[in-house]
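Trainee: One structure is given below, represented as structure tokens, and several questions about it will come after.
The values are calculated or read from the model by the stated rules, or taken from the named source; none is laboratory data. Predicted model, so just to flag it, every value in this text is computed and none were measured. Because the Cβ atoms are built from the backbone with ideal geometry, glycine has one as well, and the counts that use them run over all protein chains shown. Ligands, DNA and RNA are excluded from the accessible area calculation, which covers all protein heavy atoms including side chains. Shrake-Rupley method; radii C 1.70, N 1.55, O 1.52, S 1.80 Å.
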Amino acid sequence: MAGLPRRYCGRMSPASRYTYLGPEGTFTEAAIRTLPEAATRELVPAVSVPAALDAVRNGEAGGALVPIENSVEGGVNATLDELATGTPLMIYREVLLPIAFALLVRPGTTLEAVKTVTGHPVAQPQVRRWLAKNLPDAQWESAASNADGARLVREGRYDAAFAGEFAAATYGLTPLVTGIHDAENAETRFVLVGRPGRPAARTGADKTSLVLWLGDDRPGALLELLQEFAVRGVNLVRIESRPTGEGIGRYCFSVDAEGHIADRRVGEALMGLRRICPKVRFLGSYPRAGVDPSEVTPLRRGTTDEEFAEASDWLARCVDGRA
């Protein structure tokens, strides 16, 4: 079993086990513990995003929580690529977690004594200005995760690590400085991923995720994809290109759209994309984190389910000679 350490594979049934990007003390662990069902699940850290998702694919875990987007750095490439390739998976929920770092050190270490620092590569852009101002001569080296950086500090490999303040107790470190961030209100978006099944129930404040492949590299090809959304009043909240690995200039597009696949406007957009794209991967429809249905902007004229149904009925009457 490649996804989880062997010592975890026989404890509970896979459906009762969630895995996450570890080790213990990561922001991903903090995010997964915000889920209501976390209290009744065995939470198992994985060494990487691919390992966490492979545990679900292999039947070792019922779900995996992984980071997918950061408000400072954008998409998390490892997650985007894993969801676009391999055995299909689906997103059932998202979690938004505010991100602020602490500088964790061994007890007794002063700021003047910090010559080497570590953390996850995504953390560096979020603390770059703070580093330049407060530790201009410190050498940065990347770690597999922020929590792993804390472990390396505990082992004496580095003087300090940028991680969540909550990781200090786990690794026997001291938060020398807290509340570090270059961007106010920085947050990371995480997704709960499982095997394909029925999408989460429609709430009225939903998001639909897709991966789209272009058929031909020609002028207007991307515009044709976007028009499938635009003409039906479907708003895109994120679109990113990712290389397919098939050669320079070959890309797929990771897309998040407002709405649920059960909404007529979204369903018809997906049907239109399926007609013109050589490949469409549906990654799920699920509730938007932090958005109440009452806060959703009203749909423009002609894009409600009722208006789609009325137009369909009108067409049927035309065909039957009853228009």
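Trainee: Filter the stretch 245-264 down to residues that are within 21 Å of the chain's Cα centre (by Cα) and touching a residue at least 60 places away in the same chain (Cβ under 8 Å) and give me whichever is nearest to GLU295 (Cα to Cα).
Mentor: HIS260
Trainee: Can you name the residue in the stretch 170-187 that is closer than 26 Å to ALA51 by Cα and either among the charged types (D, E, K, R) or at pLDDT 95 or above (or both) and is also surrounded by the fewest Cβ atoms within 10 Å (Cβ to Cβ) among such residues? Give the steps one after another, and end with the answer.
Mentor: Step one: of the stretch 170-187, the residues closer than 26 Å to ALA51 by Cα are 170-171, 187.
If we keep only those that are either among the charged types (D, E, K, R) or at pLDDT 95 or above (or both) as well, we get 171, 187.
Working: TYR171: 22, GLU187: 17.
Per the criteria, the residue is GLU187.
Trainee: Can you say whether TYR286 is among the hydroxyl-bearing types (Ser, Thr, Tyr) and touching a Phe, Trp or Tyr at 6+ places or on another chain (Cβ under 7 Å), as far as the supplied structure shows?
Mentor: Values: among the hydroxyl-bearing types (Ser, Thr, Tyr): yes; touching a Phe, Trp or Tyr at 6+ places or on another chain (Cβ under 7 Å): yes.
So TYR286 passes the test.
Trainee: Then there is this: Look through ILE99, ILE68, ILE91 and report the one residue that is at pLDDT below 95, aliphatic (A, V, I, L, M) and touching a strand residue (DSSP E or B) at 6+ places or on another chain (Cβ under 7 Å). Steps first, answer last, please.
Mentor: On the way: ILE68 fails: at pLDDT below 95; ILE91 fails: at pLDDT below 95.
The conditions single out ILE99.
Trainee: Being part of a strand (DSSP E or B), open to solvent by less than 50 Å² (accessible area, probe 1.4 Å) and of a type outside the set (Ser, Thr, Tyr) is the filter here; which residues of the stretch 77-123 pass it? Steps first, please.
Mentor: Quick first cut of the stretch 77-123, residues part of a strand (DSSP E or B) only: 90-98, 101-105, 116-119.
Remaining after also requiring open to solvent by less than 50 Å² (accessible area, probe 1.4 Å): 90-91, 94-95, 97, 101-105, 116-119.
Residues satisfying the conditions are MET90, ILE91, GLU94, VAL95, LEU97, PHE101, ALA102, LEU103, LEU104, VAL105, VAL117, GLY119.
Trainee: Considering only residues that are closer than 11 Å to LEU103 by Cβ and outside any loop (DSSP other than H, G, I, E, B), which ones fall in the stretch 152-169?
Mentor: Residues satisfying the conditions are VAL153, ALA160, ALA161, PHE162, ALA163, ALA168.
Trainee: Right, something else. If I filter the stretch 1-14 down to residues being out of contact with any strand residue (DSSP E or B) (no Cβ under 9 Å at 6 or more places or on another chain) and not in a loop (DSSP other than H, G, I, E, B), which single residue comes out as modelled with the highest pLDDT?
Mentor: PRO14
Trainee: Just give me the residues in the stretch 59-76 being under 18 Å from THR19 (Cα atoms) and open to solvent by 10 Å² or more (accessible area, probe 1.4 Å), in sequence order. Can you show your working first?
Mentor: Step one: filter the stretch 59-76 for residues under 18 Å from THR19 (Cα atoms), giving 59-68, 76.
Correct list: GLY59, GLY62, PRO67, VAL76.
Trainee: In the stretch 206-318, which strands (runs of 3 or more DSSP E) lie fully inside it and hold 3 or more residues that are closer than 19 Å to PRO196 by Cβ and open to solvent by 30 Å² or more (accessible area, probe 1.4 Å)?
Mentor: Details: elements: 206-213, 236-243, 251-258, 279-287.
In the stretch 206-318, 279-287 are the strands (runs of 3 or more DSSP E) which contain 3 or more residues that are closer than 19 Å to PRO196 by Cβ and open to solvent by 30 Å² or more (accessible area, probe 1.4 Å).
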